[in-house]
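A short worksheet on the structure shown next.
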Ligand code: BG6
């Protein structure tokens, strides 16, 4: 078991403590960090929000660990939860009011007087961006942006902005209040173990890295499919859409890790700059982007409603819940290799993977796949002779599965990123330059959109997504259903 790399006491202060992201990601991560004994002896988790009383909040926190959370499947220890509860506080209030900030400041100072840690403060913003101007202004006015007895840092969720110009405006807001070394711009895909491992796999194994080259590769494919809809997030999602919700951030970071050059040294900035260089080099054409929106259909044997019937969605909304696109990177290694990407909600299955498709007699005979989730692992598909007297060739799959590696010890992305922020490790966070480069790629696509096509929930997206790749004489690689199932 690893031990904590930071020993100083801290307070973790959550804005939007009754929100979906805190529930889905933050509370399970905090529980797991505590369970792995990676927190120091003294720490305080202070959730803020309007909705709950203290008791209701504890139930909400506990429920987040036991509900049907696809990333948090293991059971929880009730006695341990009770001991963790001693470190959890709920501060009720309305963060649009100045009084909330002064009272929070007083509260944190009182905790310090009682001997509880509040000198080092990490704020987490799980809030709609529209609230940022009020939040940042008031954090500064109340003095909460600095701590008299330690450090203050802030974790800001993606997406930042909804275009290059709005991202710049938001960034100015952040940097007017906080110094750059206090700001941690969070894209949780950068904390995913399996994505981080792509770099180790590529750069530590010459046998593969030498083959991952335009000379041997036919194309690269990224699939990020979800077999669920937008849940209760209609008001956020309808103004955002799939391309901006996951394309501008998670997907572009996956492209970067899969195709960037090897950092020349282990300096943190070198790695971040390689990601940036790659994102800056990305090219696509608006006509090579397909948008889709789920209509009523059947997912996992259940009838599900269409996007337009979801709560808080405009009746005639053309928001994309799916996109597919073809892009190219320009670096010496992958120049000319098409990258096909598809991502969306209410698709046939839940799977995220990156596949390198090698040139072979038949498209798809030789494929190296990084399964990001679920059943995390790496698989190599090749052809082999079927046992017997006649020569019959058939595909076989060789796989490495995380669940058999290090007794299946695993870290959720948020666990890693929260610990990174405490320890001020910055490589798995975005710089404002990276975010701007991502918007430079996305903006022209939003300005010149192809129409949004309906697809049946439970399918693999609209026909146009198939046409996009099939007109190039290729097809989407079907995710391997038995991947790391044993
Ligand atoms: C979030 C998006 O950033 O990432 C969600 O807002 C999406 O729409 C989620 O479902 C996917 O994250 P993960 O870790 O569940 O793959």
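The values are calculated or read from the model by the stated rules, or taken from the named source; none is laboratory data. Only a predicted model underlies this, so the values are computations on that prediction, with no experimental measurement involved. Reconstructed Cβ throughout: ideal geometry from the backbone, glycine too, with neighbour counts over all protein chains shown.
In the set (1) over 24 Å from the mean Cα position of the chain (by Cα); (2) free of Cβ contacts under 8 Å to residues at least 60 places away in the same chain; (3) closer than 27 Å to residue 355 by Cα, residue 273 fails one condition alone, (1).
Every test in (1) part of a loop (DSSP other than H, G, I, E, B); (2) touching a strand residue (DSSP E or B) at 6+ places or on another chain (Cβ under 7 Å) is passed by residue 355 save one, and that test is (1).
All conditions in (1) touching a strand residue (DSSP E or B) at 6+ places or on another chain (Cβ under 7 Å); (2) part of a loop (DSSP other than H, G, I, E, B); (3) more than 16 Å from the ligand (Cβ to nearest atom) hold for residue 319, with the sole exception of (3).
If the condition is being farther than 24 Å from residue 62 by Cα and either touching a strand residue (DSSP E or B) at 6+ places or on another chain (Cβ under 9 Å) or surrounded by fewer than 18 Cβ atoms within 10 Å (Cβ to Cβ) (or both), then segment 79-103 contributes 96, 97, 98, 99, 100, 102, 103. Can you find, within segment 158-167, the residue that is farthest from the ligand (Cβ to nearest atom) among those that are touching a residue at least 24 places away in the same chain (Cβ under 8 Å) and surrounded by fewer than 19 Cβ atoms within 10 Å (Cβ to Cβ)? It comes out as 164. When residue 199 is tested against the conditions (1) under 30 Å from residue 66 (Cα atoms); (2) in contact with a helix residue (DSSP H, G or I) (Cβ under 8 Å, 6 or more places away or on another chain); (3) at pLDDT below 95; (4) surrounded by 15 or more Cβ atoms within 10 Å (Cβ to Cβ), the lone failure is (1). Against the conditions (1) modelled with pLDDT of 95 or more; (2) within 13 Å of the ligand (Cβ to nearest atom); (3) not in a loop (DSSP other than H, G, I, E, B), residue 170 satisfies every one except (2). Of the helices (runs of 4 or more DSSP H) entirely within segment 211-303, those holding at least 1 residues that are away from the ligand (no atom under 16 Å from the Cβ) occupy 252-259, 268-281. A Cβ distance below 7 Å, combined with a sequence gap of six or more or placement on separate chains, defines the contacts here; from segment 400-415, residues that are assigned to a loop (DSSP other than H, G, I, E, B) reach residues that are within 16 Å of the ligand (Cβ to nearest atom) and at pLDDT 85 or above in the pairs 410/193; 410/402; 411/193; 412/28; 412/29; 412/32. Within segment 428-486, the set of residues being at pLDDT below 95 and part of a helix (DSSP H, G or I) comprises 446, 447.
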